[in-house]
Structure formats: C-alpha cells, structure tokens
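Presented below is the structure to which this report refers.
Laboratory data are not the source of any read-out in this text; all were calculated from the coordinates shown. In this text the structure is predicted, and so the values were computed from the model without any measurement. Cβ placement follows ideal geometry from the backbone for every residue including glycine, while neighbour counts extend to all protein chains displayed.
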Amino acid sequence: MNERYDAIIIGAGVIGNAVSFELVKRGYKTLNIDANPVSGYGSTSASCAIIRVHYSTFDGCALAYESYHYWKNWKSYLDFEDESGLAKFIECGCMIYQTEQNDHLKKVIERAKELNIPHELWDPKKIREMLRIADTDQFGPVKSVDDKDFGNSSGLSLKGSVFFPTAGYVNDPQLSAHNLQRAGEAKGANFLFGKKVIDIIKENGRAAGVVLEDGEKIFSKTIVNVAGPHSMKINQMADVEKDMNIKTRALKVEVCHVPSPAGYNYENEGFVISDSDIGCYSRPEIGNNVLIGSEDPECDERIYVDPDNWDTNFSEQWKAQVLRQAQRYPDLPVTSESKGVVALYDVADDWIPIYDKSSLPGFYMAIGSSGNQYKNAPLAGIIMAELISSCENGVNHDSNPIKLYLKYIDREIDLGFYSRNRKINKESSMSVLG
Ligand SMILES: Cc1cc2nc3c(=O)[nH]c(=O)nc-3n(C[C@H](O)[C@H](O)[C@H](O)COP(=O)(O)OP(=O)(O)OC[C@H]3O[C@@H](n4cnc5c(N)ncnc54)[C@H](O)[C@@H]3O)c2cc1C
C-alpha cells in the first residue's frame with residue numbers, strides 16, 4: 001500500500017469509526033486499521049450499549065445528553081442506508097435508585113435541572129407499580145456473597161428513584177459500528193481489516209505512519225489511537241505514555257444474561273436500571289432475559305490484565321452479580337450455566353475518557369472509555385475531528401483548551417476536561433458510572 005493518508009485511525013470499533021466518519025466529512029482521507037476481521041468486533045461487540053443521560057459531572061452529563069440526540073436521530077445522522085440494516089435505539093428509559101452510596105442522587109438531580117433533562121422522582125410504591133417484580137428493601141452497602149449478612153435486608157426501604165425517559169440501549173452495538181463504517185465509506189473513508197499495528201513511525205519529531213505485523217508501512221501525518229483495551233500498548237509504541245498524567249489499563253469484566261422472573265415480560269416491560277444498593281446495573285436483553293453488569297463495588301477485586309494474555313472464562317464474579325440482582329428480584333432464576341459476556345474495559349485512572357492530543361505532534365487519542373463511552377461515540381468522533389483540525393492548524397490545546405458547541409442542547413463544553421494531563425477528577429464515581 002503506497003498511498004498516503006491524511007489520518008490513520010488505529011481501531012474500527014464504534015468510536016474509531018465515528019472518528020473517521022467525522023474526519024472524512026471534513027475532507028480528510030482516512031484509513032481505519034483493525035486487527036479484527038470486521039468493524040466493532042472488539043469491546044464494542046461486548047458492550048451493553050446503554051444510552052443514559054445522567055453522570056456525576058456536568059461535562060459528563062452534557063455530553064451524554066447531547067449524544068442521546070444522535071442515537072435518537074441515527075438514520076439522519078448517518079445519512080446512509082447500510083445494507084445490513086440500522087442499529088436500533090430502544091428508548092425504554094433508565095431508573096436510578098436513590099441510595100446512601102449515591103447521596104440520594106442530589107448531584108444527578110441538580111445536573112438534570114441545570115440541563116433541562118426530563119426526569120421523574122419515583123417513591124417505592126411507584127417503583128413497585130412500574131416494576132412489579134422488584135423488592136424495594138435496602139440491602140446495601142454491597143457485600144461479597146460469602147459475607148454472613150449477604151442477602152439480608154436492613155429492614156429499611158430504599159428512599160426512591162429517579163427515572164429518565166430519554167434513555168435506553170442500542171440493540172446491536174456491533175451493527176452500529178458497521179453503520180458508521182458504511183456511512184464513512186460512502187463519503188470516501190477506507191478500512192483495512194485483519195492487520196495489526198506493531199509500531200508507530202516518527203519522522204522529524206512527529207508521527208508519520210504505522211508499521212504492520214507483516215512488515216508493511218503505511219504513512220500519514222496524523223495517527224489516532226482508538227484501540228480500546230489495547231490503547232496503552234499503542235501509546236507505548238508512540239512513546240507518549242510517560243508524558244501523560246492519566247493512564248489507561250485493561251480491566252476484566254463480566255456481564256450476565258439470565259431469564260426474566262417467570263410471568264414477567266422483561267424484554268418489553270423492563271428498563272435500564274442502576275442500583276448502587278446491590279452494586280449492579282441491568283437492562284432488558286433479547287430472549288426475555290435480564291442483562292446484569294457490575295457497578296464495581298469496593299468489596300470486589302479489580303482484575304487488570306494484559307489485553308493480549310488474559311483468562312476469557314467466567315469466574316465466581318458471574319454468580320456474585322446474579323445473586324446480588326436476585327436480592328432485588330427475589331424470583332430471578334439463578335441458572336447453573338453462566339451465560340453472557342466476558343470482556344475488557346479500557347479504564348482511565350479516574351474512569352473519565354481521554355480525548356486529546358499527545359506529546360508527539362500528529363499523534364492523538366480517544367481512549368480510556370472506561371465501560372461508559374459507547375453512548376458518546378458520535379460525539380467522540382466530533383470531538384476528535386475538532387481537536388485534530390484545530391491542533392493541526394496551530395492551536396495549542398494544552399495551554400488554550402478548545403471549546404465545543406453542542407448543538408442539540410445549546411451548550412458549550414471545554415475539551416480540556418478530557419485532557420491526558422488533567423488531575424484526577426474527584427467528582428468521578430471512579431466506576432463504570434463515570
Ligand atoms: C462489557 C462492556 C459493557 C459496556 N457497556 C457499555 C454501556 O452500556 N454503555 C456505554 O456507553 N459504554 C459501554 N461500554 C463501553 C463501550 O462499549 C466502549 O467504550 C466502546 O465500545 C469502545 O469503542 P472503541 O471503538 O473505542 O474500542 P473497541 O470497540 O475496543 O475497538 C478497538 C479496536 O482496536 C483494534 N486494535 C487494538 N489494537 C490494535 C492494533 N495493534 N492493531 C490494529 N487494531 C488494533 C481492536 O481489534 C478493536 O477492534 C461497555 C464496554 C464493555 C466491555
């Protein structure tokens with residue numbers, strides 16, 4: 001391949017493809033390179049693809065609410081019909097229990113008011129009306145399953161919850177990455193699959209291309225690291241990691257799929273739920289299943305791994321999550337066979353992503369998605385395109401951070417929030433909740 005590109009994007013997941021889609025719209029000649037055989041085969045395919053609009057930080061909330069509108073208007077955003085069909089946004093809403101752990105959602109309610117995000121306060125009676133399989137007793141703080149008090153309610157009721165109707169999940173995250181690929185290709189984007197990047201070429205003090213495992217070199221003056229859980233490896237190749245205040249690591253996670261309690265149509269009646277009282281998030285899953293993920297409670301060990309060498313089997317964690325969820329749904333069947341997904345998050349030190357340049361001119365990164373940036377993929381593409389075009393035109397984003405206008409919610413955000421050199425953000429939940 002002797003062609004030169006304006007930008008090479010390492011990774012063709014949902015964020016990598018959003019980056020090329022946005023760059024190609026600005027006239028860049030792009031190439032996404034992915035070691036996998038098709039788009040969205042990395043952590044994107046494992047994603048629970050929950051689209052929620054609540055975060056603990058203002059910027060997190062604003063970005064998520066803006067992004068919601070892109071999923072809502074997916075077809076018109078893409079401006080192209082994929083022959084495989086379009087991923088669907090199921091807008092079933094999202095309920096968050098008010099607990100001591102989340103300070104009864106004081107901040108979340110404040111942010112929702114500040115950004116005019118529709119929300120409702122539900123008391124335990126209303127929760128049971130809307131979700132008749134739920135026990136609204138308090139079980140927290142979250143315990144290990146071998147704790148003698150595991151499963152015992154405190155005898156108190158939960159205070160209530162906040163329900164956001166403008167939320168839900170995307171039914172097929174891998175397809176959404178494919179949708180972005182096709183929409184990008186229609187505008188001239190290029191893709192190379194089954195090829196692994198093993199080095200970053202530097203010339204005259206800036207990024208100049210990549211070396212593939214088969215020895216081939218491909219040149220471009222702009223390289224974007226969107227390698228998901230392999231992000232730190234690509235940063236090490238570029239020798240930029242040492243200059244970053246916030247770093248990324250691959251974390252093993254397990255997601256459980258279990259049948260709905262008998263007699264309940266979870267697929268049609270359920271919604272997305274965040275339940276810090278039991279340390280689980282959940283949503284309906286096809287086949288009338290309940291999908292259960294972990295909110296990373298303190299009592300659980302965090303298993304950071306080498307993304308090229310890790311145990312891809314379910315562990316005891318699977319059962320712990322199902323048993324925790326069964327506290328809330330007493331009739332939840334606890335199956336003997338572990339079904340669901342074992343995957344990796346690309347976790348940043350403060351669980352907030354890094355959308356930034358680097359110390360190597362021409363080398364950029366959209367990484368550290370920390371299990372919660374699927375929802376923001378379209379905006380991540382827009383952020384990176386704005387960053388790249390501004391920085392390549394001489395803007396010093398480190399000293400004078402770029403601002404981005406969010407057209408749907410009519411707000412401006414400061415992209416310095418996502419800097420690799422920020423101090424650890426203390427407002428973060430330090431978990432998948434961001
Ligand atoms: C289990 C799970 C549940 C999640 N649930 C949610 C959720 O409900 N809501 C939400 O908003 N977010 C969620 N996320 C996070 C979200 O899925 C990710 O943030 C998003 O998919 C990341 O997309 P990406 O394009 O950055 O990375 P990926 O999809 O991981 O793509 C990276 C690509 O880079 C390629 N690559 C890596 N190294 C190389 C190399 N050297 N050469 C060539 N190619 C390379 C890989 O093959 C891979 O395809 C979840 C993540 C996981 C794992």
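Candidates P330, Y97, H178 compared by Cα position along the dipole of the chain: farthest toward the positive end lies H178, with charges placed on Cβ.
Considering only R328, R132, R420, the mean-square fluctuation computed in a Gaussian network model of the chain, springs between alpha carbons under 10 angstrom, is largest for R132.
Could you give the length gained on full extension between K88 and I424, defined as 0.36 nm per residue of separation minus the Cα-Cα distance, in nm?
Full extension of this stretch gives 117.4 nm more.
Annotation for the stretch 33-85: GluC sites (Glu not before Pro) lying in DSSP loop with at most 15 further Cβ atoms inside 10 Å of their Cβ are E81, E83. The calculated FRET efficiency for N268 paired with E129, based on their beta-carbon distance and R0 = 25 Å, is about 0.95.
The residue list L360, I424, S315 was ranked by how far each Cα lies along the charge dipole of the stretch 301-434 toward its positive end, using unit charges on Cβ atoms, and I424 comes out on top. Taken about its Cα centre, the chain carries a charge dipole of about 820 debye when Lys and Arg each add +1 at the Cβ and Asp and Glu each add -1 at the Cβ. Using only alpha carbons, the stretch 157-222 has a radius of gyration to Kirkwood radius ratio (Rg to Rh) of 1.29. Taking N396, N179, N309 as the candidate residues, the one with maximal mean-square fluctuation in a Gaussian network model of the chain, Cα springs under 10 Å, is N309.
Return the loop-located GluC sites (Glu not before Pro) in the stretch 92-151 (DSSP other than H, G, I, E, B) with at most 14 other Cβ atoms within 10 Å of their own Cβ; answer none if there are none. Sparse-neighbourhood loop GluC sites (Glu not before Pro): E100.
The alpha carbon centroids of the stretch 44-119 and the stretch 227-247 are separated by 28 Å. With a cut-off of 17 Å on the backbone N, the residues of the stretch 273-293 near the modelled label site 7 Å out from S315 along Cα-Cβ are 293. Helical runs (DSSP H, four residues minimum) scored at -39500 (n - 2.57) apiece and divided by the length of the chain put the mean residue ellipticity at 222 nm at -7000 deg cm²/dmol.
Structural descriptor for the chain: relative contact order 23 percent, calculated from alpha carbon pairs under 8 angstrom and at least 6 residues apart. For D103 and D199, FRET efficiency with R0 = 41 Å and r from the beta-carbon atoms, rounded to 0.05? Computed FRET efficiency for D199 and D103: 0.30.
With a sphere of radius 14 Å drawn around the Cβ of H119, what net charge do the other residues whose Cβ falls strictly inside it have (Lys, Arg +1; Asp, Glu -1)? Here the count lands on +3.
GNM, the chain, Cα, under 10 Å: largest mean-square fluctuation among I388, I367, I424? Result for the chain, Cα springs under 10 Å: I424 fluctuates most. Given R0 = 35 Å, the distance between the Cβ atoms of E213 and N396 translates into a calculated FRET efficiency of 0.50. Given 20 °C and 1.002 mPa s, compute D for the chain with the Stokes-Einstein relation, Rh being the Kirkwood radius over Cα pairs; round to the nearest whole µm²/s. Estimated diffusion coefficient is 97 µm²/s.
Using a simple spin-label model with pseudo-atoms 7 Å out from Cα toward Cβ, L121 and T335 lie 4.0 nm apart.
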